[in-house]
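First the structure, in the form of structure tokens, and then the observations on it.
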Amino acid sequence: MMWLILAFMSAALLGCYDSLKKDALKSNAVIPVLFLNTLFSSLIFIPFIILSGNTKLLDNTIFLVASGGWEMHQYILLKALIVLSSWILGYFGMKHLPLTIVGPINATRPVMVLVGALLVFGERLNVWQWIGVLLAILSFFMLSHSGKREGIDFKHDHYIYMIVGSAALGAISGLYDKYLMAPVGAGGVGLDRMMVQSWYNIYQCGMMLAMLVLLWWPKHKETTPFHWSWSIIGVSIFLSTADFVYFYSLSLPDAMISIVSMVRRSSVIVSFLFGAMLFHEKNLKAKTLDLLLVLLGMIFLYIGSE
């Protein structure tokens with residue numbers, strides 16, 4: 001069950017990543033923060049690409065980056081586009097919303113993954129999974145009620161729509177990961193996990209550089225100013241480590257993407273605690289009940305997926 005232990009490790013790292021991201025975005029310009037996050041993440045993996053392509057130091061290790069042509073890189077480029085779109089929506093939404101609301105919404109991603117599997121892969125939900133889905137939907141409506149106490153109207157707040165859109169794109173990315181990592185014989189592409197993680201970060205960095213130069217810089221004096229925060233480096237380190245552990249987990253025999261994606265969403269516990277203790281967010285009692293409903297839904301999904 002090493003893959004399950006790694007999934008829980010990834011969840012804890014993701015919770016720290018979300019919390020550092022909230023801190024990095026505090027009164028800060030979103031686009032340059034996101035560009036720097038993709039830049040530092042790329043710098044982490046570029047040495048692995050260079051060493052793998054020019055030496056034998058990483059042969060037979062978990063850090064070896066496989067090489068491939070355009071027929072493989074086109075799939076990675078699409079993943080970069082999906083993930084970056086999710087991040088852009090998520091960063092803007094998180095900047096303007098409490099972490100204790102963003103976390104539980106993001107925790108509904110496994111529900112979206114299951115619905116996606118239902119529609120795309122023709123999978124069918126059992127009774128346990130349907131209960132998990134309904135509990136997640138109920139928690140979302142309860143969370144909207146909690147948000148009203150802080151002046152957040154779920155029906156008319158476009159930042160809520162951004163977080164929901166980010167979660168939906170994240171779910172699509174999870175389903176796409178399943179397709180990318182699955183062997184060719186099983187209907188997948190059979191890509192190397194280190195190749196995917198290394199190159200999609202680099203492609204994202206290039207896309208964000210274009211946005212920085214073309215969209216943000218010409219109007220940067222009229223918008224929220226950028227200021228340096230050491231949390232920006234922390235975001236890249238924790239996210240890169242969390243994703244590395246996640247992809248490694250998926251590469252192990254018997255790893256189940258449905259359970260791994262659910263376990264990863266338990267990161268909401270870490271980010272919720274950070275929101276309560278460091279950011280001193282409000283209405284914690286009501287939000288705790290919402291969070292417990294989400295986690296209960298995850299338990300039902302876990303039971304139904306075994």
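The values are calculated or read from the model by the stated rules, or taken from the named source; none is laboratory data. Quantities reported herein were computed from a predicted structural model and do not represent experimental measurements. Counting neighbours? That spans all protein chains shown, and the Cβs are built from the backbone with ideal geometry, glycine included. Ligands, DNA and RNA are excluded from the accessible area calculation, which covers all protein heavy atoms including side chains. Shrake-Rupley method; radii C 1.70, N 1.55, O 1.52, S 1.80 Å.
On the given criteria, is Leu81 open to solvent by 60 Å² or more (accessible area, probe 1.4 Å), within 15 Å of Ala168 (Cβ to Cβ), in a helix (DSSP H, G or I) and in contact (Cβ under 8 Å) with a residue 40 or more places away in the chain?
Values: open to solvent by 60 Å² or more (accessible area, probe 1.4 Å): yes; within 15 Å of Ala168 (Cβ to Cβ): yes; in a helix (DSSP H, G or I): yes; in contact (Cβ under 8 Å) with a residue 40 or more places away in the chain: yes.
So Leu81 fits the description; yes.
Looking for something over 21 Å from Leu84 (Cα atoms) and hydroxyl-bearing (Ser, Thr, Tyr) - is there at least one such residue anywhere in segment 203-221?
No - not one qualifying residue is present in segment 203-221.
Of all residues in segment 1-48, which are of a type in the set (Val, Ile, Thr) and surrounded by 19 or more Cβ atoms within 10 Å (Cβ to Cβ)? Break it down into steps so the answer makes sense when it comes.
Within segment 1-48, the subset of a type in the set (Val, Ile, Thr) is 5, 30-31, 33, 38, 44, 46.
Those that are of a type in the set (Val, Ile, Thr) and surrounded by 19 or more Cβ atoms within 10 Å (Cβ to Cβ): Val30, Ile31, Val33, Thr38.
Here is a list: Leu214, Leu209. Which entry is open to solvent by 50 Å² or more (accessible area, probe 1.4 Å), free of Cβ contacts under 8 Å to residues at least 24 places away in the same chain and not aromatic (Phe, Trp, Tyr)? First the steps, then the outcome.
Working: Leu209 fails: free of Cβ contacts under 8 Å to residues at least 24 places away in the same chain.
Every option except Leu214 fails the conditions.
Does at least one position in segment 230-248 carry a residue that is free of Cβ contacts under 8 Å to residues at least 60 places away in the same chain, open to solvent by 70 Å² or more (accessible area, probe 1.4 Å) and of a type outside the set (Phe, Trp, Tyr)?
Here is the first cut: in segment 230-248, the ones free of Cβ contacts under 8 Å to residues at least 60 places away in the same chain are 230, 244.
Now narrow it down to the ones that are open to solvent by 70 Å² or more (accessible area, probe 1.4 Å): 230.
Of the ones still in play, those that are also of a type outside the set (Phe, Trp, Tyr) are none.
No; the residues of segment 230-248 include none that is free of Cβ contacts under 8 Å to residues at least 60 places away in the same chain, open to solvent by 70 Å² or more (accessible area, probe 1.4 Å) and of a type outside the set (Phe, Trp, Tyr).
Of Ile76, Ile46, Ile50, which residue is without any contact (Cβ under 8 Å) to a residue 12 or more places away in the chain, among the β-branched types (Val, Ile, Thr), out of contact with any Asp or Glu (no Cβ under 6 Å at 6 or more places or on another chain) and under 15 Å from Ile202 (Cβ atoms)?
Working: Ile76 fails: without any contact (Cβ under 8 Å) to a residue 12 or more places away in the chain; Ile46 fails: without any contact (Cβ under 8 Å) to a residue 12 or more places away in the chain.
Of the residues listed, the single one that is without any contact (Cβ under 8 Å) to a residue 12 or more places away in the chain, among the β-branched types (Val, Ile, Thr), out of contact with any Asp or Glu (no Cβ under 6 Å at 6 or more places or on another chain) and under 15 Å from Ile202 (Cβ atoms) is Ile50.
Hey, Gly116 hits all of (1) surrounded by fewer than 16 Cβ atoms within 10 Å (Cβ to Cβ); (2) touching a helix residue (DSSP H, G or I) at 6+ places or on another chain (Cβ under 6 Å) but one; which does it fall short on?
Tallying (1) surrounded by fewer than 16 Cβ atoms within 10 Å (Cβ to Cβ); (2) touching a helix residue (DSSP H, G or I) at 6+ places or on another chain (Cβ under 6 Å), Gly116 fails exactly one: (1).
What do you reckon, is Asn54 open to solvent by 20 Å² or more (accessible area, probe 1.4 Å), of a type outside the set (A, V, I, L, M) and modelled with pLDDT under 90? Quick ask: steps written out before the conclusion?
Details: open to solvent by 20 Å² or more (accessible area, probe 1.4 Å): yes; of a type outside the set (A, V, I, L, M): yes; modelled with pLDDT under 90: no.
Considered against the rule, which asks whether it is open to solvent by 20 Å² or more (accessible area, probe 1.4 Å), of a type outside the set (A, V, I, L, M) and modelled with pLDDT under 90, Asn54 comes out as no.
When only residues in segment 126-142 that are touching a Leu at 6+ places or on another chain (Cβ under 9 Å) and open to solvent by 80 Å² or more (accessible area, probe 1.4 Å) count, which is modelled with the highest pLDDT?
The extreme case among them is Trp128.
May I ask you to list pairs of residues, at least six apart or on different chains, whose Cβ atoms are under 7 Å apart, with the first in segment 5-21 being touching a residue at least 12 places away in the same chain (Cβ under 8 Å) and the second being polar (S, T, N, Q) and open to solvent by 10 Å² or more (accessible area, probe 1.4 Å)?
Note: pairs meeting the criteria are Ala11/Ser266; Leu13/Thr241; Leu20/Ser231.
Hey, can you tell me all the residues within segment 181-200 that are in a helix (DSSP H, G or I) and closer than 23 Å to Ile50 by Cα?
We begin by selecting, within segment 181-200, every residue in a helix (DSSP H, G or I); these are 181, 184-186, 193-200.
Those that are in a helix (DSSP H, G or I) and closer than 23 Å to Ile50 by Cα: Met181, Arg193, Met194, Met195, Val196, Gln197, Ser198, Trp199, Tyr200.
Kindly indicate the residue of segment 165-187 that is farther than 18 Å from Ile259 by Cβ and more than 18 Å from the chain's Cα centre (by Cα) and also least open to solvent (accessible area, probe 1.4 Å) among those meeting that condition.
Top of the filtered list is Gly187.
To keep it simple, each residue is scored yes or no on (1) among the aromatic types (Phe, Trp, Tyr); (2) out of contact with any Ser or Thr (no Cβ under 7 Å at 6 or more places or on another chain).
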{"site": "Ser173", "(1), (2)": "no, no"}
{"site": "Leu180", "(1), (2)": "no, yes"}
{"site": "Val184", "(1), (2)": "no, yes"}
{"site": "Gly188", "(1), (2)": "no, yes"}
{"site": "Tyr200", "(1), (2)": "yes, yes"}
{"site": "Ala210", "(1), (2)": "no, yes"}
{"site": "Phe226", "(1), (2)": "yes, yes"}
{"site": "Gly234", "(1), (2)": "no, yes"}
{"site": "Ala255", "(1), (2)": "no, no"}
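Condition (residue is modelled with pLDDT under 85, basic (Lys, Arg) and more than 23 Å from the chain's Cα centre (by Cα)) applied to segment 150-157: is it met by at least one residue?
Of all residues in segment 150-157, those modelled with pLDDT under 85 come to 150-157.
Add one more test, that the residue is basic (Lys, Arg), and what stays is 155.
Adding the requirement that they be more than 23 Å from the chain's Cα centre (by Cα) leaves 155.
Checked segment 150-157: at least one residue is modelled with pLDDT under 85, basic (Lys, Arg) and more than 23 Å from the chain's Cα centre (by Cα).
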